[in-house]
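Scroll down for the structure; my scribbles are underneath it.
The values are calculated or read from the model by the stated rules, or taken from the named source; none is laboratory data. What you are looking at is a predicted structure, and each value in this text was computed from that prediction instead of being measured. With ideal geometry, Cβ positions are generated from the backbone for all residues, glycine too; neighbour counts draw on all protein chains shown.
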Amino acid sequence: MLSFERSAALFARAARVIPGGIYGHTAPAATMPGRSPYYAQRAAGCRYWDVDGNEFIDFLCGYGVHLLGAQHPEVEEASARQARDGNAFNHPTALMVELAERLVGLVDFADWAVFAKNGADVTSWCLQVAREHTGRKKVLKIAGAYHGSHAWCAPGHGGWIDEDRVHIHGFPWNDLNAFHDLVRQHRGQIAAVITTAFHHPAFGASELPAPGFFAELEATCRREGIVLVLDDIRSGFRLDLGGSHRTYGFTPDLACYCKALGNGHPISAAVGRAELKRAAGHVFLTGSYWNSAVPMAAALKVLEIAQRDDAVGRIAQAGARFRAGFEEAAAKHGRALRFSGPDALPFVTFADDPDFFLAQRFCQAACARGVFLHPHHNWFLGAAHGEADIDQAVAAIDAALGALSD
Ligand SMILES: Cc1ncc(COP(=O)(O)O)c(C=O)c1O
């Protein structure tokens, strides 16, 4: 049995000085309270250690940020080199120009790029750019899709008012009839459609685009003068180094990246077509740390290594091996499983487990055996998951499934 004593003690201290102790998606109540770590100590490759010294094979990759594995030596060396010269200045550094050039070279439709820190910085900014470009107010989004913690899109909770969402209209994923109804209803008023490359709602199986879904979205946006925004924060550079629109065969006007780009260093980016460059130049974009050079040095190295080492191919292979091993273990223990979404970011559910109670028990059992999984969020594979790591994880999962039956 693992001990989480130091995690619990830190959490007790935190609760006195931090609202909720730990907030957002890493709050214990949103994961496995009492049965998993609350605080991390260090990480390397596909493993991390918590403050109690427990070691885990990580299938969350810092919620997707570790594309190449934590503390990748070459990325850390590039960022440390820049840190010696400085991180924050009165001006951007040449790295910003290089990184914009690199993204414009990688993403086929991109003519320009800008940088911020978090995913929500750029998803929200892209909607402003679309509004500036079109002179329209309305935004269509997929119902239940997450685009960040800002008031227009935060999933429930407090602090937002109806007016924040007056011009935001949702339609169900893959439902072209509902989409066309909204386009008809608000014709001439819609600035943007924002979508992820596949649907990955919280507490729900992932759904891939139905044949023709993106083609129709794209054709309608072109015809109606609507800006199509791809929120590629979660899957960007994990499915295709040129952006996830290539995996699903469509072309947006703007795209947002974050998690994988910095391999743990804080940076996000938006890229866009030439036609949107004027509007992009008119929408104010800044933040105290948004020009920081160290994350830009890291991102440049991440993209270089990802290309050189075929990170996308390696992640797909690791994901396929993981799924095959997991499915075999589940069959052995008579558990009906459903893998949904791409193998690089799978969402796994058990049959007849609508409240995720079985998933919770299973993830706790896996955690106790050194494998970190999340009961109701998609998982992430990274290029640091080698065959031996996957096989070790599958053996632990097999044991965890056995323990569930006991
Ligand atoms: C699809 C998607 N969009 C936007 C965001 C928001 O990113 P951030 O938390 O960095 O603001 C996330 C974060 O998980 C995401 O998955």
Members of the range 336-388 found to be touching a strand residue (DSSP E or B) at 6+ places or on another chain (Cβ under 6 Å) and charged (D, E, K, R), listed by number: R338
Count, please, the residues in the range 191-213 that happen to be surrounded by fewer than 18 Cβ atoms within 10 Å (Cβ to Cβ) and free of Cβ contacts under 8 Å to residues at least 60 places away in the same chain. 3
Yes/no for G20 being out of contact with any His (no Cβ under 6 Å at 6 or more places or on another chain), free of Cβ contacts under 8 Å to residues at least 12 places away in the same chain and of a type outside the set (S, T, N, Q): yes
Pull up the range 1-42, narrow it to residues that are within 16 Å of the ligand (Cβ to nearest atom) and part of a loop (DSSP other than H, G, I, E, B), then point me to the one that is surrounded by the most Cβ atoms within 10 Å (Cβ to Cβ). T31
Given A70, A80, A94, A88, which one is among the small types (G, A, S), in contact (Cβ under 8 Å) with a residue 24 or more places away in the chain and farther than 23 Å from I233 by Cβ? A88
Looking only at the range 260-285, count how many residues are under 9 Å from A116 (Cβ atoms) and either of a type in the set (S, T, Y) or in contact with a His (Cβ under 8 Å, 6 or more places away or on another chain) (or both). 1
Kindly provide the set of residues from the range 263-277 that are surrounded by 18 or more Cβ atoms within 10 Å (Cβ to Cβ) and among the small types (G, A, S), ordered by number. G264, S268, A269, A270, G272
Might you check whether a residue that is assigned by TED's automatic domain parsing to the domain that holds T26 and part of a helix (DSSP H, G or I) occurs anywhere in the range 333-341? no
Within the range 126-240, strands (runs of 3 or more DSSP E) holding 1 or more residues that are among the basic types (K, R) and not assigned by TED's automatic domain parsing to the domain that holds N378: 138-142
For the range 235-286, which positions are charged (D, E, K, R) and within 13 Å of the ligand (Cβ to nearest atom)? R238, K259
C256 fails exactly one of (1) out of contact with any Ser or Thr (no Cβ under 6 Å at 6 or more places or on another chain); (2) within 25 Å of P92 (Cα to Cα); (3) hydrophobic (A, V, I, L, M, F, W, C); (4) outside any helix (DSSP H, G or I), namely (1)
Mind checking which residues of the range 160-170 are within 16 Å of the ligand (Cβ to nearest atom) and farther than 19 Å from F213 by Cα? W160, I168
Can you tell me how many residues in the range 195-227 are within 30 Å of H374 (Cβ to Cβ), aliphatic (A, V, I, L, M) and either over 15 Å from the mean Cα position of the chain (by Cα) or modelled with pLDDT under 95 (or both)? 5
With (1) more than 16 Å from the ligand (Cβ to nearest atom); (2) in contact (Cβ under 8 Å) with a residue 60 or more places away in the chain; (3) part of a strand (DSSP E or B) as the list, and V114 as the residue in question, which single condition is left unmet? (1)
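One residue is enough: does the range 87-100 have a residue meeting the conditions assigned to a loop (DSSP other than H, G, I, E, B) and under 24 Å from the mean Cα position of the chain (by Cα)?
The answer is no; no qualifying residue exists.
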Which of (1) more than 16 Å from the ligand (Cβ to nearest atom); (2) buried (at least 22 other Cβ atoms within 10 Å of the Cβ) is the odd one out, the single condition R81 does not satisfy? (2)
Is the range 290-304 home to any residue that is surrounded by fewer than 21 Cβ atoms within 10 Å (Cβ to Cβ) and hydroxyl-bearing (S, T, Y)? no
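For every residue, the table says whether it meets (1) surrounded by fewer than 21 Cβ atoms within 10 Å (Cβ to Cβ); (2) within 14 Å of the ligand (Cβ to nearest atom); (3) of a type in the set (F, W, Y).
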{"residue": "A130", "(1), (2), (3)": "no, no, no"}
{"residue": "A145", "(1), (2), (3)": "yes, yes, no"}
{"residue": "C153", "(1), (2), (3)": "no, yes, no"}
{"residue": "G158", "(1), (2), (3)": "yes, no, no"}
{"residue": "P172", "(1), (2), (3)": "yes, no, no"}
{"residue": "L182", "(1), (2), (3)": "yes, no, no"}
{"residue": "H186", "(1), (2), (3)": "yes, no, no"}
{"residue": "Q189", "(1), (2), (3)": "yes, no, no"}
On the given criteria, is R321 in contact (Cβ under 8 Å) with a residue 60 or more places away in the chain, in contact with a His (Cβ under 9 Å, 6 or more places away or on another chain) and assigned by TED's automatic domain parsing to the domain that holds A43? yes
For the range 380-398, what are the residues that are surrounded by fewer than 22 Cβ atoms within 10 Å (Cβ to Cβ) and in a loop (DSSP other than H, G, I, E, B)? G386
Residue check, E216 away from the ligand (no atom under 15 Å from the Cβ) and in contact with a Leu (Cβ under 6 Å, 6 or more places away or on another chain): yes
